[in-house]
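Shown next, in structure tokens, is the structure this report addresses.
The values are calculated or read from the model by the stated rules, or taken from the named source; none is laboratory data. If you're wondering where the values come from, they're calculated on a predicted model, not measured in any experiment. So basically every Cβ, Gly included, is an ideal-geometry build from the backbone, and we count neighbours across all protein chains shown. Note: accessible area is taken over every heavy atom of the protein model, side chains too, but ligands, DNA and RNA are not part of it. Shrake-Rupley method; radii C 1.70, N 1.55, O 1.52, S 1.80 Å.
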Amino acid sequence: MKKILTVIICAAMCCSSFAACGKKREGDGLNHMYDAPLLGNPESLDPQFADDQSSNTVIRNLYSGLLSSDENGNISLCNAESYTVSDDGTVYTFSLRKDNYWFLDHNNDDVIDDTECFPVTAHDYVFALKRIPDPRMQSPYANSFSCIKNSKAIMNGTASPDSLGVKAADEYTLEVTLEYPSAEFLPLMASSAAYPCNEEFFNSTKGRYGLDDKSIMSNGAFFVRQWFYDPYGNHNILYMKRNEKNVCDDYQVCPKYLSFTIEKTESDIRSCLKDDNIECLSTFNNNFSSKKYNVDEKYAYTLGLIFNPDNMYFSNKNLRNSLALAIDRDALAEKADSSVMTAGGIIPPSVMIAGRSYRELASDTAFSRYDPAEAKKMMDSAMKELNIGSLESTKILVCTEIISSDNLIELSQNWQNTLGVYIGIEDASYKDFIRRIETGEYSIALYPVKAQMGTPASVLEQFETNQHLKDASDGIAHSQSVRNSATAYQLTENASHAEKILISSNGFIPLFYKATYFVYRNDNEDILFDPFTGAADFRLAKNFG
């Protein structure tokens with residue numbers, strides 16, 4: 001829950017239309033040193049284990065994988081020079097580039113010597129992928145990669161990690177066999193969880209892999225030159241330099257340095273931006289009006305109502321159905337602020353399939369039915385079942401660091417006018433919101449859903465792994481049927497069907513898709529931002545200041 005709600009303040013996004021803004025760029029924008037913040041110290045730089053947003057930003061620039069994806073979900077080759085797929089869609093064969101290298105600065109002289117580099121091979125990808133389902137690893141990505149043959153048996157402890165359907169046919173050929181054709185497999189292979197891991201180096205760290213600057217090595221655009229963190233100090237940094245060994249005509253790296261400051265709070269980061277000590281950040285709150293910055297938005301969160309399963313009133317299905325049918329989303333939209341869009345579905349607009357927003361392919365308008373007359377009938381039925389004459393006054397718990405509670409005033413008034421029940425709104429800080437959800441000190445809460453990856457199955461999986469959302473799903477698992485989708489069309493259809501079933505129980509009632517804002521100085525461009533992982537990719541970033 002804490003990681004879901006944590007707001008990372010980090011480097012922001014790609015803006016591809018500066019010409020349309022009338023800005024004339026001078027120079028090539030290359031070799032800049034970017035100053036960017038991280039909110040909190042990275043917990044681990046192990047790609048198969050880390051899932052906090054500070055770690056994800058560093059990992060995205062430290063390593064590279066066989067494939068990569070852009071902000072629209074389009075997949076392209078990276079360290080693979082090609083790949084083929086078997087006729088039945090279950091065997092992927094990747095041919096690796098021979099010019100991708102591991103680098104470890106043994107003598108700490110900041111110089112990339114040939115003796116400190118060695119090729120990345122198919123064995124490194126085999127070892128990395130075998131780590132994901134290994135129960136000893138407790139990787140948060142295990143379920144996501146369950147499409148690979150034997151992964152579920154490995155996760156259950158009934159098979160060895162060595163039985164996973166991955167093998168190195170030779171030094172530069174990787175073969176991955178799936179249990180079933182999966183349209184989500186290539187996006188998974190473009191994620192940081194599929195970055196390579198060298199077994200010999202991993203073992204040499206003796207359990208410290210990814211935890212300090214001596215226990216990591218780079219095969220990506222940059223290497224870590226220094227990582228210093230003192231929880232009681234104020235000058236914590238993570239400093240990266242361009243990995244010249246991995247720069248070539250097909251793998252351009254534009255910046256020369258990345259300089260991250262590790263800050264404790266969002267207010268500290270905003271102060272840094274105000275003082276021009278950093279160039280970019282991400283935030284839930286769009287209050288940047290200066291012409292010095294560009295602001296863009298990504299909708300990766302879905303906010304919906306959840307109900308305390310131990311509450312005698314809101315555990316009643318007719319009562320929940322009544323509340324759902326009495327929601328006039330058109331009226332909500334008229335009164336809502338610009339940070340939200342009304343939601344009828346669970347999967348947010350920033351989830352992409354084949355280069356298009358999932359919400360363009362699967363409209364959510366049919367999910368949300370507004371029927372005041374039927375809502376009143378259901379409320380009357382609920383009152384009879386509960387043997388009460390009226391509903392006790394209660395309030396919706398809202399985390400004000402995510403959304404303004406003003407967005408719910410129309411909903412509260414609508415329920416009172418339609419159903420004759422008063423349900424108010426209670427503001428809570430981020431810390432208090434977490435505490436009260438965990439301890440069950442709420443009746444209704446506006447709860448944020450965000451996936452670890454920008455795939456439909458990853459979003460739906462939250463209703464199977466997050467206990468508060470699991471209570472809202474009637475114990476039905478849907479992510480597996482979505483992962484079984486062989487084509488983009490099947491993926492869209494199956495995900496939409498799963499949404500409808502989950503919403504039909506009204507244990508989770510979607511209300512809003514919430515924007516995250518990416519703020520960056522207007523002399524920058526081509527920084528790619530992933531709103532699900534919070535990772536900012538600086539490889540192609542250019543600065544014209």
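Observations on the model:
- Taking θ as phi - 60° and the Karplus parameters 6.51, -1.76 and 1.60, the scalar couplings of the stretch 61-72 work out to 9, 8, 10, 8, x, 5, 10, 9, 9, 8, 5, 9 Hz in sequence order, x denoting glycine and proline.
- Chain lengthening between Asp250 and Gln416 when straightened (0.36 nm per residue, less Cα-Cα): 53.6 nm
- Taking a point 7 Å from the Cα of Lys384 along the Cα-to-Cβ direction, none of the residues of the stretch 299-339 has its backbone N closer than 12 Å to it.
- Environment charge of Ala375, counting only residues whose C-beta is closer than 15 Å and scoring Lys/Arg +1, Asp/Glu -1: +2
- Near Val166, the amide H atoms lying under 5 Å from its own belong to Thr177; only residues 5 or more places off or on other chains count, and H is placed 1.01 Å from N.
- Pairs spanning more than 24 Å between alpha-carbon atoms, out of Lys152/Lys470; Lys152/Lys206; Lys264/Lys542; Lys149/Lys470: Lys152/Lys206; Lys264/Lys542; Lys149/Lys470.
- Cα-based equivalent ellipsoid of the stretch 188-254: semi-axis lengths in Å, sorted from largest, via gyration tensor: 23, 19, 12
- Rounded to 5, percent antiparallel among DSSP beta bridges of the chain: 80 percent
- Taking every alpha-carbon pair under 8 Å whose residues sit at least 6 apart, the stretch 470-545 reaches a relative contact order of 23 percent.
- Note, ³J(HN,Hα) from phi for the stretch 243-252, Karplus 6.51, -1.76, 1.60, rounded to Hz, x at Gly and Pro: 8, 4, 5, 9, 8, 8, 4, 8, 9, 7
- Cut-off under 5 Å, modelled amide H: who pairs with Cys78 long-range: Leu67, Ser68
- The 3J(HN,Hα) values that the Karplus relation (6.51, -1.76, 1.60; θ = phi - 60°) gives for the stretch 258-265 are, in residue order, 10, 10, 9, 9, 9, 9, 8, 9 Hz. Gly and Pro appear as x.
- Modelled this way, with points 7 Å down the Cα-to-C-beta line, the labels at Phe118 and Ala477 are 3.9 nm from one another.
- Note on Tyr370/His106: beta-carbon distance plugged into 1/(1 + (r/R0)^6) with R0 of 45 Å gives a FRET efficiency of 0.10.
- Rolling a 1.4 Å probe over the protein heavy atoms gives the stretch 127-192 an accessible area of 38 Å² per residue.
- Note on the chain: with neighbouring protein chains present and a 1.4 Å probe, carbon and sulfur make up 46 percent of its accessible heavy-atom surface.
- Accessible area per residue for the stretch 461-514, computed on protein heavy atoms with a 1.4 Å probe, is 37 Å².
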